[in-house]
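The values are calculated or read from the model by the stated rules, or taken from the named source; none is laboratory data. As the structure is a computational prediction, the values presented were derived from the model and not from experiment. Positions of Cβ are generated from backbone atoms using ideal geometry, with glycine treated the same way; all protein chains shown enter the neighbour counts. Heads up: the accessible areas ignore ligands, DNA and RNA and are worked out on the full protein's heavy atoms, side chains in. Shrake-Rupley method; radii C 1.70, N 1.55, O 1.52, S 1.80 Å.
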Amino acid sequence: MPTSPTDLRLNPSAYAVPPAPPLTLDELYSHFPDRSDRPLTEALPGDKVPEPYRRLLVHSHHMTVTVEEFYGSPVDVKVLDARLSGNDYARKIVLTLRGTGKVVQFGIVHIDLSLLAPAVSDEIVSQKTPLGRVLIQHNVLRTVLPVGFFRALPGATMTDWLGLPAPATTYGRLGVIYTDYKPAIRVAEILTPV
């Protein structure tokens, strides 16, 4: 069995994590009073997600790292809305390419902060750094487990957030991020059309 957090990142299946709890986009949106930006979606199996979206979504890596590699640029986070109640934290964000500000991804996340170290929670809630980058920089033992994939058609609000001239079909995924073997983070990630 691997002996360090680095081993887990090299081989996520090396550590047993319990099956991911069910997750839906509606569940993530339930943390926000205004759900008018929720896109229309259709579930797809991972092998039916077309390229290049399959390469960008169907894997067990942080999307922060994946979009940075794909676009050849670091990304920054812009928080669109956030809710904090005790250890319950949820936010809607976009990731933008550093330098150009081009939006490459929308995300909605729900985090149980009690399952993270205080320094990690504080940095996440400060809203200055993408979630994946925070977990990597703090060397948090983690497993990213995608639990579903979907085709999405953004409505007017999300179309504007993504910087699109008109709604366009794109793709996304639902996932659970385990930290220290606990399902601490639930996330939906929707790519800007490529």
With the requirement that a residue be outside any loop (DSSP other than H, G, I, E, B) and touching a strand residue (DSSP E or B) at 6+ places or on another chain (Cβ under 7 Å), what does segment 30-52 give you?
Leu40, Thr41, Glu42, Ala43, Leu44, Gly46
Mind listing whichever residues of segment 155-175 are of a type in the set (Gly, Ala, Ser), closer than 22 Å to Thr64 by Cβ and surrounded by fewer than 22 Cβ atoms within 10 Å (Cβ to Cβ)?
Gly163
Checked segment 66-80 for anything touching a residue at least 24 places away in the same chain (Cβ under 8 Å) and crowded, with 16+ Cβ neighbours inside 10 Å; matches are Val67, Tyr71, Ser73, Val75, Asp76, Val77, Leu80
Taking segment 176-194 on its own, how many of its residues are crowded, with 19+ Cβ neighbours inside 10 Å and either aliphatic (A, V, I, L, M) or within 11 Å of the chain's Cα centre (by Cα) (or both)?
10
Filter result for the condition that a residue is out of contact with any helix residue (DSSP H, G or I) (no Cβ under 7 Å at 6 or more places or on another chain), modelled with pLDDT under 95 and open to solvent by less than 80 Å² (accessible area, probe 1.4 Å), over Leu8, Leu23, Leu28:
Leu23
Give the residues of segment 96-113 that are open to solvent by less than 10 Å² (accessible area, probe 1.4 Å) and either within 14 Å of Leu164 (Cα to Cα) or aromatic (Phe, Trp, Tyr) (or both), sorted by residue number.
Val104, Gln105, Phe106
Please go through (1) in a helix (DSSP H, G or I); (2) open to solvent by less than 50 Å² (accessible area, probe 1.4 Å); (3) not aromatic (Phe, Trp, Tyr) for Arg55 and return the number of the only condition it doesn't satisfy.
(2)
Considering segment 114-154, residues that are open to solvent by less than 30 Å² (accessible area, probe 1.4 Å) and assigned to a helix (DSSP H, G or I), and then whichever is farthest from Gly86 (Cα to Cα), we arrive at Gly132
In segment 92-114, which residues are farther than 13 Å from Thr64 by Cα and out of contact with any helix residue (DSSP H, G or I) (no Cβ under 9 Å at 6 or more places or on another chain)?
Gly99, Thr100, Gly101, Asp112
